[in-house]
Amino acid sequence: MKMTEETELGILSTLDMVAEAFEERDLDKMMSLFSTEEDTIIIGTGADEKRVGKSEARSLFKRDWSQSDASSIIYNWKAISAEGKFTWAAIEATVYARIGSREIHLPSRLTIIMKKSGDKWLIVHWHASLPASGQQTGEAWPMNVPVV
């Protein structure tokens, strides 16, 4: 959907602040980018990373950062749309983390939905995922998933 330049700049600004807060490991800054709505949802890549509400979202980032020495997000591709007070973004990113002497680079996918609140775009839904391992380009199904 077509959006105004002002809307696009506001959305991109929020996404840039997410990357900054993530690298700075600034929990207050990160949480200032999330809605205070009770039904704000964040889903991470871990099996247990499903959180509802801002305080639970806060605990997820706090845990992530407590289990690494440094981290950052680099956006590689973005598709953004907006309609009225809502916007949605599909993002391919690389998440970097240093854990002790080990550096990891995770190709990641993010879906972020934001709602306009005053003059800010605040996150109401965040879903992070990793492409399925064992699924080659052109294949419809990952072949190394255990059969249940």
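Yes or no, residue by residue, for (1) modelled with pLDDT under 95; (2) farther than 15 Å from Val18 by Cβ:
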{"site": "Lys62", "(1), (2)": "yes, yes"}
{"site": "Trp77", "(1), (2)": "no, yes"}
{"site": "Arg102", "(1), (2)": "no, yes"}
{"site": "His125", "(1), (2)": "no, no"}
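Checking the conditions here, which among Pro131, Pro107 is in a strand (DSSP E or B), out of contact with any helix residue (DSSP H, G or I) (no Cβ under 6 Å at 6 or more places or on another chain) and either at pLDDT below 95 or closer than 22 Å to Met1 by Cα (or both)?
Numbers: Pro131 fails: in a strand (DSSP E or B).
Going through Pro131, Pro107 in turn, the sole match is Pro107.
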Check: Looking at Glu92, is it surrounded by 14 or more Cβ atoms within 10 Å (Cβ to Cβ) and either touching a Phe, Trp or Tyr at 6+ places or on another chain (Cβ under 9 Å) or not aliphatic (A, V, I, L, M) (or both)?
Finding: yes
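Name the residue, out of Leu130, Leu110, Leu122, that is surrounded by 15 or more Cβ atoms within 10 Å (Cβ to Cβ) and either in contact (Cβ under 8 Å) with a residue 60 or more places away in the chain or over 14 Å from the mean Cα position of the chain (by Cα) (or both). If you could, list the steps in order and put the result at the bottom.
Details: Leu130 fails: surrounded by 15 or more Cβ atoms within 10 Å (Cβ to Cβ); Leu110 fails: either in contact (Cβ under 8 Å) with a residue 60 or more places away in the chain or over 14 Å from the mean Cα position of the chain (by Cα) (or both).
It is Leu122.
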Notebook entry, point to check: Got a number for residues in the range 1-32 being in contact with a helix residue (DSSP H, G or I) (Cβ under 6 Å, 6 or more places away or on another chain) and surrounded by 18 or more Cβ atoms within 10 Å (Cβ to Cβ)?
Noted result: 3
Notebook entry, point to check: So which residues in the range 48-82 are farther than 18 Å from Pro107 by Cα, of a type in the set (D, E, K, R) and part of a strand (DSSP E or B)?
Noted result: Lys50, Arg51
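The values are calculated or read from the model by the stated rules, or taken from the named source; none is laboratory data. Because the structure is predicted, anything quoted here is derived from the model rather than measured. Note that we place each Cβ from the backbone using ideal geometry, even for glycine, and neighbour counts take in every protein chain shown.
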